[in-house]
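The values are calculated or read from the model by the stated rules, or taken from the named source; none is laboratory data. Just so it is clear, the structure is predicted and the values come from calculations on it, not from any experiment. For neighbour counting, all protein chains shown are included, and Cβ atoms are generated from backbone atoms with ideal geometry for every residue, glycine included. What goes into the accessible areas is simple: the full protein's heavy atoms, side chains included, and nothing from ligands, DNA or RNA. Shrake-Rupley method; radii C 1.70, N 1.55, O 1.52, S 1.80 Å.
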Amino acid sequence: MHYLENKEIDTIWSKVGESLEKGLPFALYRKPYAPQIYGVFQSSKDLKVTKDFTESGFVFAPFDKTDKAILVQPDAFWTAEYIPGKSQNTASFNLDESGKEAHLQLVKRGIAEIKKGRLQKVVLSRKMEVPISQSPIGIFKTLLNTYPSAFGYLFHHPEIGTWCGATPETLVKVQNRQLRTMSLAATLPHIETEEPQWGEKEIQEQQMVSEYIGDKLAHAMEVLEIDEAESVRAGNLWHLRSEVRGTMLPNIKVREVIKALHPTPAVCGIPTGEAQLFIASNENYERTYYTGFLGELNLAQEGETALFVNLRCMELKDDRAFIFVGGGITEASDPESEWVETQNKSKTMLDVL
């Protein structure tokens, strides 16, 4: 049985460096606004998967739910206090316009499919490649310093690769049958001293997601409440968010809730099955773990799960970072505006690099 050990932060950085050097799996993470970093370290290179989400460890799951969710086994489970440094000043840089035409055509195909009546919404994304000079630990520290309100993580498995991110979206939290999740949609850039001005497209998109989550969870819940939408800031972006909470029926397992929620309409579309098929046929790359989910399974205490959607993330390979950005497409979408939204979203990770 694993147990939590308190360590000095330098000990954790050393352990991460050693694990990267030896190719051993680990997950390092910090919860939103929390002062602690947690480290889950596996002592073998084995690729382990969760069978039913009753195991203990850190889970890292792909977008395509037919694939298996990776589990980092807590052979060592450490924590340390992390005092954030100053977040770096955002440097001004010219955003790369390459890939614009391909993305505009992708969005147009999505709108055409929605107009045929097969979809209400589809989330379409693209992948960017940028050179890096920082180490994974250096990038992770910058993420923590820059985005204190996000779930920040650094994950490595020799058979999966190295990923890090700072995601604003909860997939689900469960403790003693009490469930919390969120309906998150719509994006506007943050402008100093200005409140976001949401249009009809954004309001409808967020409402669509809330209703869909309510429908998906109805069979599993004794009680379910969905709050009114509110504006929330994540880095240099605004989103619309509704908190969702309730009590699970006694016979419902966490696995069933995860299956009902993943992939969420915020990263896939509505209906999710049709949206997934459209994404697989039209996006010109494999998402793999982008828009999957990750987090704690029964680590802090038995029966407690905290999972997050893998947004605002990057995959690190040698001296390159691969960044993923997307947006929700509805019938009211404008392809040019959708391109600008992905450019704004790319700044979240580019600022870190």
> What 222 nm value per residue comes from the helices of the chain, counting each DSSP H run with n ≥ 4 as -39,500 (n - 2.57) and dividing by all residues, nearest 500 deg cm²/dmol?
Replying inline: -8500 deg cm²/dmol
> Amide H to amide H, which residues 5 or more places from C268 or on other chains are under 5 Å from it, using H placed in the peptide plane?
Replying inline: V123
> Calculated FRET efficiency, E331 and S135, Cβ-Cβ r, R0 51 Å, to nearest 0.05?
Replying inline: 0.70
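Provide Rg over Rh for the chain; use the alpha carbon set for both Rg and the Kirkwood Rh (inverse mean inverse pair distance). Can you show the working numbers first?
Values: Rg = 19.5 Å, Rh = 20.7 Å.
Rg divided by Rh gives 0.94.
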> If you roll a 1.4 Å probe over the chain with all protein chains in place, what percent of the accessible area is carbon or sulfur?
Replying inline: 47 percent
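Given a cut-off of 18 Å, what percent of all Cα-Cα pairs of the range 236-288 lie beyond it?
Numbers: 716 of 1378 pairs.
When every Cα pair of the range 236-288 is considered, 52 percent fall beyond 18 Å.
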> When the Cα centres of the range 4-43 and the range 181-201 are compared, how far apart do they sit, in Å?
Replying inline: 34 Å
> Which of the peptides 123-135, 20-32 is most tightly packed, and how do the rest follow, judged by the mean count of other Cβ atoms within 10 Å per residue?
Replying inline: 20-32, 123-135
>> Loop only by DSSP, 15 or fewer other Cβ within 10 Å of the Cβ. Give me the trypsin sites (Lys or Arg not before Pro) in the range 146-202 that pass, ordered by residue number.
In response: R177
> Which lysines have a Cα lying under 29 Å from the Cα of K115, excluding residues fewer than 8 positions away in the same chain?
Replying inline: K65, K100, K127, K201, K216, K259, K345
>> Less than 17 Å apart at the alpha-carbon level, and either on another chain or at least 8 residues along: which lysines does that give for K15?
In response: K7, K45, K141
> Among Y147, T170, A186, whose Cα sits farthest toward the positive end of the charge dipole of the range 132-195 (+1 at Cβ of Lys/Arg, -1 at Cβ of Asp/Glu, about the Cα centre)?
Replying inline: T170
>> Once you place label points 7 Å from the Cα toward the Cβ at V232 and K22, how far apart are they in nm?
In response: 3.8 nm
> Which whole-Hz ³J(HN,Hα) couplings does the range 196-208 yield from phi under the Karplus relation 6.51 cos²θ - 1.76 cosθ + 1.60, θ = phi - 60°, glycine and proline marked x?
Replying inline: x, 10, 7, x, 4, 4, 5, 5, 5, 4, 5, 4, 4
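Quick check of the Kirkwood formula: for the range 101-204, what is the inverse mean of 1/r over all pairs of different Cα atoms, in Å?
Details: mean 1/r = 0.0556 Å⁻¹.
Evaluated over the range 101-204, this radius sits at 18.0 Å.
Calculate the dipole size of the chain relative to its Cα centre from +1 charges on Lys and Arg beta carbons and -1 charges on Asp and Glu beta carbons; express the result in debye to the nearest 20.
Numbers: 38 positive and 49 negative charges, 120 e Å.
In debye, rounded to 20, the chain gives about 580.
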> Of T79, Q120, A34, whose Cα points farthest to the positive end of the dipole of the range 22-153 (charges on the beta-carbon: +1 Lys, Arg; -1 Asp, Glu; origin at the Cα centre)?
Replying inline: Q120
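For the range 135-221, what is the charge dipole size about the Cα centre, in debye to the nearest 20, if Lys and Arg each add +1 at the Cβ and Asp and Glu each add -1 at the Cβ? Kindly include the intermediate steps, with their values, before the conclusion.
Working: 6 positive and 10 negative charges, 115 e Å.
Dipole magnitude for the range 135-221 comes out near 560 debye.
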